[in-house]
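Let me begin by presenting the structure, written as structure tokens, before commenting on it.
The values are calculated or read from the model by the stated rules, or taken from the named source; none is laboratory data. Keep in mind it's a predicted model, so treat the numbers as computed, not measured. A quick note on method: Cβ atoms are made from the backbone with ideal geometry, for glycine too, and the neighbour counts reach across all protein chains shown.
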């Protein structure tokens, strides 16, 4: 049986706030030993071994770690790259992560890998493709993975399934968990005009294994239009914090991660953001106990 999000797979990641570990902070983490509950790393950054992996080995002795992938291309109709899966499994065996996650996207075709996470048409056919790839992944790794909802800037005309329904259905079909990226939901809701809270209300709480929070930016065009870009390059905005508070009411205590990938600041800035997330979780827990 594939371990569930509430079982072995999630056991070593506490339902507290963590931060994304980037190369810029390897030495700072080792020297400062910040009061952070856990770290998440991008799996592919450590496939090559060397100094980055040695740093991660050392950090793993003191902190729980989760692996977050960006290159598996679960939406690829041609199937998965077995070499990529094998590298991921070797890294898992070495690091023993508490959680393993990937994106609802595709970024590889005919052996060519793209730098971006590309959107998928949300159809019954795509459900079958993604579901098959997730089942292959979970069988190969011998454990459950979490699937992250994307940020999006366009929608296919022939998409027939709302994204929140797609996420819920894929979790039901495959037994995977859901990595609920609250910032992505907010960005996509603003770009496409849907209700972000309705999205959260539509997700099955029992499948939520992790939450992501990050910053984003606005891009304006000469014709007056604007779009929100999920660039992970700033603090979490007030509207996303409010949406996160709603998510904690809906899902309860869930491991929550602060992501920051561009213009990466000092480690202390990330720990400050994690403290804000932890304060919201703690307030929700107090409220739940008082109810």
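So which of 41, 5 is over 15 Å from residue 274 (Cβ atoms), modelled with pLDDT under 95 and surrounded by 14 or more Cβ atoms within 10 Å (Cβ to Cβ)?
Just one listed residue meets the conditions, 5.
Please determine whether any residue of segment 189-197 is surrounded by 23 or more Cβ atoms within 10 Å (Cβ to Cβ) and either in contact with a strand residue (DSSP E or B) (Cβ under 6 Å, 6 or more places away or on another chain) or at positive phi (or both).
no
Looking only at segment 174-183, count how many residues are crowded, with 24+ Cβ neighbours inside 10 Å and not in a strand (DSSP E or B).
Count: 3.
Would you tally the residues in segment 104-120 being surrounded by fewer than 23 Cβ atoms within 10 Å (Cβ to Cβ) and modelled with pLDDT of 95 or more?
Qualifying residue count, segment 104-120: 0.
Sort through 210, 206 and tell me the only one that's surrounded by fewer than 22 Cβ atoms within 10 Å (Cβ to Cβ) and closer than 25 Å to residue 13 by Cα.
206
Looking at 101, 66, 73 in this structure, which one is crowded, with 17+ Cβ neighbours inside 10 Å and either farther than 25 Å from residue 211 by Cβ or at pLDDT below 95 (or both)?
73
Can you say whether residue 269 is modelled with pLDDT of 95 or more, out of contact with any strand residue (DSSP E or B) (no Cβ under 9 Å at 6 or more places or on another chain) and assigned to a helix (DSSP H, G or I), as far as the supplied structure shows?
Criteria met by residue 269.
Kindly indicate whether any position in segment 82-98 is modelled with pLDDT under 95 and under 27 Å from residue 256 (Cβ atoms).
Within segment 82-98, none of the residues are modelled with pLDDT under 95 and under 27 Å from residue 256 (Cβ atoms).
Okay, residues lined up against (1) over 24 Å from residue 86 (Cβ atoms); (2) out of contact with any helix residue (DSSP H, G or I) (no Cβ under 8 Å at 6 or more places or on another chain):
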{"residue": "117", "(1), (2)": "no, yes"}
{"residue": "137", "(1), (2)": "no, no"}
{"residue": "154", "(1), (2)": "yes, yes"}
{"residue": "180", "(1), (2)": "yes, no"}
{"residue": "183", "(1), (2)": "yes, no"}
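Among the residues of segment 246-268, write down those that are free of Cβ contacts under 8 Å to residues at least 40 places away in the same chain and surrounded by 15 or more Cβ atoms within 10 Å (Cβ to Cβ).
Across segment 246-268, the qualifying residues are 248, 265.
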